1. Listing E352, E641 from the residue with the fewest other Cβ atoms within 10 Å to the one with the most, what is the order?
2. Over the chain, what lengths in whole Å, largest first, do the semi-axes of the equivalent ellipsoid take, defined as the square roots of 5 times the eigenvalues of the alpha-carbon gyration tensor?
3. Tell me, what ³J(HN,Hα) does each residue in region 398-415 have, in order and in whole Hz, if you take phi through Karplus 6.51 cos²θ - 1.76 cosθ + 1.60 with θ = phi - 60° and put x for Gly and Pro?
4. Just for the chain, what percent of DSSP beta bridges are antiparallel, to the closest 5?
5. Shape call for region 456-508 from the C-alpha gyration tensor, a ≥ b ≥ c root eigenvalues: rounded (a/c under 1.5), prolate (a/b greater than b/c) or oblate?
6. Consider a paramagnetic label point 7 Å from the Cα of D365 along Cα→Cβ; state which residues of region 106-142 have an amide N under 18 Å from it.
7. Whole angstrom only: what separates the Cα centroid of region 427-457 from the Cα centroid of region 680-706?
8. Using only the Cα atoms of region 310-432, what do you get for the radius of gyration and for Dmax, in Å?
Amino acid sequence: MYSALKARRIRIRGTVQGVGFRPWVWQLAQRHGIRGAVLNDARGVLIEAWGENTAMDAFLMALNKDAPPLARIDSIEQQPLERGAEPPADFSILSSRSGQTRTAVAADAATCQACVDEIFDPDDRRFGYPFTNCTHCGPRLSIVRDIPYDRANTSMALFPLCSRCQAEYDDPGERRFHAQPNACPECGPLIWLEGTEAGRDADRQAWRQVIPKAAQLLRKGHILAIKGIGGFHLACDASNEQVVAKLRGRKKRYAKAFALMARDLEMIQAYAKLDDQSSALLQSAAAPIVILDHRGKRLAPSINPGQNSLGFMLPYSPLHHLLMAELDSPLVLTSGNISDEPQCVTNTEARERLGGIADYLLLHDRDILTRLDDSVLRVAAGRPRMLRRARGYAPEPMQLPPGITEPPKVLAMGAELKSTFCLLGESGAVLSQHLGDLENASTFREYRQMLAQYQKLYDFQPDLIVVDKHPDYLSTQYGRELAQQNGVPLLEVQHHHAHMSACMAEHGLPADTPQVLGLILDGLGYGAEGGIWGGEFLLGTYKDCERIGCFAPVSMPGGVMAMREPWRNAYAHLASAFDWSQLAEQYAELDIIAYLKTKSLANLEKMLEKNLNSPPASSAGRLFDAVAAVLGLCRDQVSFEGQAAIELEALAENTVEISVYPLILQNNTIYWRDLWKAILEDLTQGVDRAVIAANFHHSLATGLARICLELAEEHRVETLVLSGGVFQNRLLLENLTTALEQRLNILIPQWIPANDGGISLGQAIVGAA
Ligand code: ZN
Ligand code: ZN
Ligand code: FE
């Protein structure tokens, strides 16, 4: 009898744990009359299955499609089960085979449609309940304290399941089978509203009144701090300029655009242009902020000063859905912090730090254990491009490039400004969520805590630690310290090589890939032999690379000051390309010359001459700063890296270029004299600054494309990697890809940020290679 049965061992890899995969397999087994078992182990999901020939074929087929919504299958392998193994009487879900098993932690997921339907159904027991979730949705990483991922190790441990929730949790046929954060109004967390002066003013039992009341306060023009999934938000009515401006002032955030939340796609469409890819991103389980072009009705101008774009997201928790259902216009929903501090996560922190910003606090008693900012993407050059990778994406592992087998365990420390770290092991590379600027003391503290937390979650002891070459990065110094403490080797990876490698790995280039060409444009990074880079042509592999071209280095008078004050770069660029006094005379009538003359240029001149605190940098970021300043944008200062470039792009966006400014290439170095000459001439002729900005983007792309082609031909390479933070500039990226896509195979970061948020992944891959 048994001999007629087919017996198979099936190994499934990918994101298959903590996402309802085992109950799904169980249901398939029931449907196809399969006996056996399914379990999680260190490598993914393992199935042992016995069944009739045709039933087994159908079962295997079904495994290949319709996986649960949050699962991602990387591979399915099967082999015959060894003889002698007896089939069990039925199909069961085993918790684990040995004590070794660790269920991987998944990313937080937006509320699924079935749960949304429940919270709006007056007959459902979860009607109006803001913590509704199931196996296919809800918080994950944000509530985990330890492994294995089960309720006792999450912040839901404080809420014992009621009998009805427990029954759902125990039944493999239920949508809430093993849903660790499962809850209902009877047993789960609750919300309440606090007036910042009155203290807690709501009775906990009155939770049903909380959301309508909060909506009413928002409509009246109040600012609310709202506890979300990965941290607190500050919220206000996005159509009310007065309150948005007030929020900007209180938050001390003067330039960065505020994110928005809309009830649905229809509401977004009233204010912004929506394409299919952006809609899909907005509606995905990660529910990120998606940057869209403004079109249609206007919102408060203080939302996005100096920009045409708007960052929208859709409700991703039941609380958001319930709140947005009460409102007829979008909400500003910006991170709950003061200027550049990390977002608050605890109620106590929120009372202390947001009390002076928010008029009321909408709180709940489910603790946030891992802070996760909202992720940010934008569609550019035909694909989604990650700008900030956090909630909904972290800690989703990335598969290793083919050919990197049995790598050492590599811990990569990342860069500094947009810091992340990366744990690489046999089963993939886990990139942490965006953590922020390490120069901020509380961010650095959190970075160290998170690193410890991830090491615990993944039981990770590194064999190798990788750091940036920059000796002053706090991540480098900390990595050095850890390497010493743990007695493991330390490897330094050059910043732009890491940018290039991260992109190569994301696109799955195998370990033995021949040399590729990389055009890496960013703010600043430590060069191979010291010196500061940021506009580089690289030729290399994962293992090593050399610089074969660059932007002409221009001094940054004042060092760090030059990063904050774009006029310094404008002066340095002009003074390096021309004789300043001649130039000042020839273009005396231009306002940039008049402006620069108000600065103490003699001092600057001395600094440049004596090379005092004026490091030369081949930086693309500083070139954008200089051009922006010359055109009158952000001359005095920027309040965040990239602001001048963002405003320059916005200025150019809705205009068509009319001329191409020449770049000079000598000994594989690009000089800007002719480009500056053309810009100054256009300014003298009274050409619209928007047109000049467009000309600049177009000219840069045209010139860079030409050089890429020449270098590719000279070195016989067909693949070009474009990476570095400057490629967040859509105009430049699209101009460049249009010019090159017929000629070269172009790789651009997609799900891994092109900016320094992707550095740790690149470092880890170089370390493994
Ligand atoms: Zn759900
Ligand atoms: Zn319950
Ligand atoms: Fe960089």
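Every number here is computed from the coordinates shown, using simple stated rules; none is lab data. Remember, it's a predicted structure, so these values are computed and weren't measured experimentally. Here Cβ is always computed from backbone atoms with ideal geometry, including for glycine, and neighbour counts include all displayed protein chains.
1. Working: E352 11, E641 21.
Fewest-to-most Cβ neighbours within 10 Å comes out as E352, E641.
2. On the way: eigenvalues 442, 221, 102 Å².
Values for the chain, descending: 47, 33, 23 Å.
3. Couplings: 9, 5, 6, x, x, x, 8, 10, 6, x, x, 7, 10, 10, 10, 8, x, 9 Hz.
4. Values: 80 of 112 bridges.
Antiparallel: roughly 70 percent of the beta bridges in the chain.
5. On the way: a/c = 2.38, a/b = 1.28, b/c = 1.86.
Because a/c hits 1.5 or more and a/b fails to exceed b/c, region 456-508 counts as oblate.
6. 129-132
7. 41
8. Final numbers for Rg and Dmax: 18.2, 56 Å.
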